[in-house]
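Trainee: The following block contains the structure, expressed as structure tokens.
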Amino acid sequence: MGIFSWIRPNQRVSFVHSLENRLLLTKISPQSRTKEKVTLPDLCKATTPSTCDLNPLLFNGHLQTAWTTVKNYDIPIYYKRKMFESDSSMYSGHFAVDFVVDPYEIPDDDEVTDKARKFTLPSGLPSRTIFFREDEFAALPSDDTRPMLVLLHGLSGGSHELYLRHVLEGLLTEKGWEACVVNSRGCSQTKITSGMLYNARATWDVRQTVKWLRKAFPNRPLFGIGFSLGANILANYLGEEGDACQLKAAVLVASPWNLEIGSLCLQRTWLGMEVYSKTMGANMKRLFEQHVEEVSQNPRVDIEEVRKSTYLFEFDRALQCTAWGYPTEGAYYRDASSVDSMLAIRIPFLAIQSEDDPIASYETLPLQEFKRTPYGVLATTPGGGHLGWFEYGGGRWFVKPVTNFLNAFAKEIDLTVPFTVENPDKVPGQIALHEDGTSPKLDFNAMRRKLDLPVVK
């Protein structure tokens, strides 16, 4: 740290998890190949660096967050895109999944050009992204056993985001992982083919992607990671799937968790309103304008009201509420939040948050819930901002616990042995109901929602 050590000393990582009903995993010793039980909290602590040593010049959450907008670093991840037609009657249309592939030269191909014209905005595809040819995609399924990661990006982002590519770089250097990014509707230069953009409860596309992956790659262990709003969507998906979830483990990075509290926290400060909420609102309005012709087909949406919005909550009130039938943005935020969903998750997951995150504020963290569920562990750092965690030299600290956690599950945990809970009767949603009349037959349903939408399994 040198001369700047007084500004930003090494920061210790804190953990929040259940103490009385921990999840038990089966770990294989790489030397002896013997098996032993390890708890999820112990595994998370072993794979997470004990300190978080950040760039001393970026000494608070605002500076860390601001630095994410500086384009001074590139990671050449190459993608090939497949357009899927939604199998959901509620959420019809198309969505784009970008598969990580080996580097290639951009081909001059009429078939690719036709797809680009049909599904891509006039500004073209993101850098290093082209469409699969039909024969390439048909040859994609495999019976190999390589681990595969499904990634969900943040608000108005896409597979091109640098925070996402940092994680891919950390995993792909070991030449053992496969990966794909589920792009939210309208993001990553993709045209929408229905009258709706995505929202914070839009779990249909990741569900359909996982179903397809399970069929196309029957032997691959599947894992998931979500960033910011993508983490909230992923947590909702995991909760909806429950015991039937096809993913083996997941990571949630900088999730906003409680969207209503997060919105109110932004509205109570000048920076929250005039910098963060206004910027996110502008990003969503820009996305909206790219698809205004399609969105205008929805008779509920008042185009001029959307255009008059300035802040994110105003945009959500004008577009998301009217498109999906919510009476207020508060009702939408409460319904789409993942603070309750996480109690229905039945696979191991690690959440990573910064305590000085100005967007996913500390007040949104479900600390009590993490103390009740055996399936999740929350790791927090004093600094890091929103999706920042920049170290001196340009690296990002959060990549270390993410890649360590995923590699541990892929290489050290016996995924053929079912996970067990020390005290299953204490797991929320699995409380034993008494038959002797001494207590009511009541239980908490973490996934009961206000907006009743069909879930396609």
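Trainee: Could you give the accessible area per residue of the chain, probe 1.4 Å, as a whole number in Å²?
Mentor: Details: 19700 Å² over 457 residues.
Heavy-atom accessible area per residue stands at 43 Å².
Trainee: Ordered by residue, what ³J(HN,Hα) values in Hz, to whole numbers, does region 358-365 give under the Karplus form 6.51 cos²θ - 1.76 cosθ + 1.60, where θ = phi - 60° and Gly and Pro are x?
Mentor: Result, rounded to whole Hz: x, 10, 8, 5, 4, 5, 7, 6.
Trainee: Starting from 0 in steps of 10 Å, tell me what percent of the Cα-Cα pairs of region 39-119 lands in each bin.
Mentor: The percentages, shortest bin first, are 11, 21, 23, 27, 16, 1.
Trainee: With each label point set 7 Å from Cα along the Cα-Cβ vector, what nm distance links F15 and E289?
Mentor: That separation, rounded to one decimal, is 4.8 nm.
Trainee: Here's something else I'd like to know. For the chain, what is the convex hull volume of its Cα atoms per residue in Å³?
Mentor: 164
Trainee: What whole-number distance in Å separates the alpha-carbon centres of region 143-180 and region 32-93?
Mentor: Using only Cα atoms to place each centre, the spacing works out to 9 Å.
Trainee: On to the next question. Skipping prolines and chain starts, which residues have an amide H placed within reach, meaning under 5 Å, of the one on F131, given they are 5 or more residues away or on another chain?
Mentor: Amide H neighbours of F131: R81.
Trainee: Now for a separate question. With a cut-off of 8 Å between alpha carbons and a minimum separation of six or more residues, what is the relative contact order of the chain in percent?
Mentor: 24 percent.
Trainee: Give, as ranges by residue number, the residues of region 270-288 whose backbone N falls under 18 Å from the point 7 Å along Cα→Cβ of E305.
Mentor: 285, 288
Trainee: Taking a threshold of 26 Å on the Cα-Cα distance, which of the pairs K278/K400; K371/K400; K248/K450; K37/K175; K45/K278; K215/K400 fall above it? Numbers along the way, then the final one.
Mentor: Numbers: K278/K400 32 Å; K371/K400 24 Å; K248/K450 29 Å; K37/K175 28 Å; K45/K278 37 Å; K215/K400 31 Å.
Violating the 26 Å limit, Cα to Cα: K278/K400; K248/K450; K37/K175; K45/K278; K215/K400.
Trainee: For T120, which sequence-distant residues (separation of 5 or more, or a different chain) have an amide H within less than 5 Å of its own amide H, given hydrogens modelled in the peptide plane?
Mentor: K191
Trainee: May I ask you to give the percent of accessible area on region 11-133 that is carbon plus sulfur, with a probe radius of 1.4 Å? Each step should come with its number before you reach the end.
Mentor: Numbers: 3310 of 6490 Å².
Result for region 11-133: 51 percent of the exposed heavy-atom area is carbon or sulfur.
Trainee: So what is the diffusion coefficient of region 259-336 in µm² per second by Stokes-Einstein at 10 °C and 1.306 mPa s, using a Kirkwood Rh over Cα pairs?
Mentor: Numbers: Rh = 12.6 Å.
Rounded, D is 126 µm²/s.
Trainee: I've got another one for you. Between N298 and E274, what FRET efficiency comes out of the Förster formula 1/(1 + (r/R0)^6) with R0 = 41 Å and r the beta carbon distance, rounded to 0.05?
Mentor: Efficiency, rounded to the nearest 0.05: 0.85.
Trainee: Got a number for the accessible area of V339? Probe 1.4 Å, square angstrom, nearest 10.
Mentor: 30
Trainee: OK, next. For region 259-336, with all protein chains present and a 1.4 Å probe, just round the carbon and sulfur fraction of the accessible area to a whole percent.
Mentor: 52
The values are calculated or read from the model by the stated rules, or taken from the named source; none is laboratory data. The model shown is predicted, which means the values in this text are computed figures rather than measured ones. Neighbour counts are summed over all protein chains in view; Cβ atoms, including those assigned to glycine, are modelled from backbone coordinates with ideal geometry. Ligands, DNA and RNA are stripped out before the accessible areas are found, and what is left, the full protein with its side chains, is counted by its heavy atoms. Shrake-Rupley method; radii C 1.70, N 1.55, O 1.52, S 1.80 Å.
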